[in-house]
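To start, the structure itself, in structure tokens.
The values are calculated or read from the model by the stated rules, or taken from the named source; none is laboratory data. Just so you know, these numbers come straight off a predicted model, no measurement behind them. A quick note on method: Cβ atoms are made from the backbone with ideal geometry, for glycine too, and the neighbour counts reach across all protein chains shown.
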């Protein structure tokens, strides 16, 4: 359009500016539109809305949500908000992943994996009977340390869900890097991880892309035995206490529908050292929120050395970690190691990250083990996600003692802040 305008300007001279202004297309912005739950045949309704409003949808949601994403101008937006078939329209907000720390060579069994009881220096768990979706920057599909499977690419839909950042590959390694004598062992070694790419090479993405990922997980949960989804991503938002029905939060509605399909969602609490009540998806009560603590030697006792990040201490809450307040937050919060976590990286190289993003996959791997491992069913097998969260929480809480845990856990509280008990993979 701009090129055409410049060409016309050369022909029409001074008379063009007014005509060009009149012909300029209205400015469009990205939105997510949720349809009324009572709407039947939502796919047909979305097509009709597009024809009537003269817009093209970028994503359509059927399983996790009834709705779509599209770029809309002011007139189209106004018309949709008045349409009785539409429940809510919200801006397509931005999501992001965690931050990066210096890369360093690690050991075969990382301290964080040992610290939660997923392994000892000489032994480890086997692969889970459940599969895990990694909703992130993608996963390196060629990494031999991972049982990674192409899921969906919501950034470039026609391409494989390969990782072009590294964040998602590190996450996948913490969950299930193989125990094969080299590299780094994950919490549930060899567990199948599905790459669900919703963030780009800069670890940024939009709500519509995140919804695309949740939609794919929900649609494939049963057929692909996906029982756990890790979301080490976040954006600003709150829990309205009604699965997004009151606030019109499309992500909350989609996650609740996915939970109904049997998927337990594990989410990082965030790295702003503040109450995660304003960070979603961690704030949602249907999600298992994960805060971060620091461990440098794989054992309790606070005798480990200095971590790679200045200001952090062995066996203490991570100073950057978000936290909760009150019994509501405590009911769906656990902690895990998140500082200086070395795991799999791109092109077979190790990568070290820091943040609640790295704490979350320790828990996602633990949830997978609770479903079962080595072909045997575990205590979470057959349980709905709400009961799975209760089980993970109660088993972790039962191991909080004066000689175990960390500064900031329920036995050593910090001014009412809720970091939760350290997750206990050795319970499974």
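Taking the condition on the phi < 0 side of the Ramachandran plot, surrounded by fewer than 24 Cβ atoms within 10 Å (Cβ to Cβ) and at pLDDT below 95, does residue 342 pass?
For residue 342, the condition - on the phi < 0 side of the Ramachandran plot, surrounded by fewer than 24 Cβ atoms within 10 Å (Cβ to Cβ) and at pLDDT below 95 - is not met.
Inside region 267-281, can you point out the residues that are crowded, with 18+ Cβ neighbours inside 10 Å and either free of Cβ contacts under 8 Å to residues at least 60 places away in the same chain or not in a loop (DSSP other than H, G, I, E, B) (or both)?
Listed by number, the residues that qualify are 267, 268, 275, 276, 277, 279, 280, 281.
I'm trying to understand the selection: among the residues of region 248-258, which are surrounded by fewer than 24 Cβ atoms within 10 Å (Cβ to Cβ) and touching a residue at least 60 places away in the same chain (Cβ under 8 Å)?
Passing the criteria: 248, 257.
For region 385-411, how many residues are in a loop (DSSP other than H, G, I, E, B) and touching a strand residue (DSSP E or B) at 6+ places or on another chain (Cβ under 9 Å)?
Residues that pass the stated criteria total 8.
Does region 54-75 hold any residues that are surrounded by fewer than 17 Cβ atoms within 10 Å (Cβ to Cβ) and in contact with a helix residue (DSSP H, G or I) (Cβ under 9 Å, 6 or more places away or on another chain), and which are they?
Result: 54, 56, 62, 75.
Whether any residue in region 353-370 is closer than 23 Å to residue 166 by Cα, assigned to a loop (DSSP other than H, G, I, E, B) and touching a residue at least 12 places away in the same chain (Cβ under 8 Å) is what I want to check.
Yes, region 353-370 contains a residue that is closer than 23 Å to residue 166 by Cα, assigned to a loop (DSSP other than H, G, I, E, B) and touching a residue at least 12 places away in the same chain (Cβ under 8 Å).
Out of all the residues in region 387-410, which are surrounded by fewer than 17 Cβ atoms within 10 Å (Cβ to Cβ), over 26 Å from the mean Cα position of the chain (by Cα) and within 15 Å of residue 333 (Cα to Cα)?
398, the sole residue that qualifies.
Name the residue that is farthest from the chain's Cα centre (by Cα), counting only residues in region 40-53 that are surrounded by 15 or more Cβ atoms within 10 Å (Cβ to Cβ) and either within 19 Å of residue 27 (Cα to Cα) or free of Cβ contacts under 8 Å to residues at least 12 places away in the same chain (or both).
Within region 40-53, the match that is farthest from the chain's Cα centre (by Cα) is 53.
Results for (1) loosely packed, with under 13 Cβ neighbours inside 10 Å; (2) over 30 Å from residue 409 (Cβ atoms); (3) at pLDDT 90 or above; (4) more than 27 Å from the chain's Cα centre (by Cα), shown as yes or no for each residue.
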| site | (1), (2), (3), (4) |
| --- | --- |
| 77 | no, yes, yes, yes |
| 89 | no, yes, yes, no |
| 102 | yes, no, no, no |
| 120 | yes, no, no, yes |
| 124 | no, no, no, no |
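Within region 139-166, track down each residue that is within 17 Å of residue 177 (Cβ to Cβ), buried (at least 22 other Cβ atoms within 10 Å of the Cβ) and touching a residue at least 60 places away in the same chain (Cβ under 8 Å).
Within region 139-166, 140, 143, 145, 146, 163, 166 meet the criteria.
So which residues in region 104-118 are out of contact with any strand residue (DSSP E or B) (no Cβ under 8 Å at 6 or more places or on another chain), in a loop (DSSP other than H, G, I, E, B) and either crowded, with 17+ Cβ neighbours inside 10 Å or modelled with pLDDT of 90 or more (or both)?
Passing the criteria: only 117.
Collect the residues in region 412-428 that are assigned to a loop (DSSP other than H, G, I, E, B), touching a strand residue (DSSP E or B) at 6+ places or on another chain (Cβ under 7 Å) and surrounded by fewer than 17 Cβ atoms within 10 Å (Cβ to Cβ), keeping them in residue-number order.
Within region 412-428, 416 is the sole residue that qualifies.
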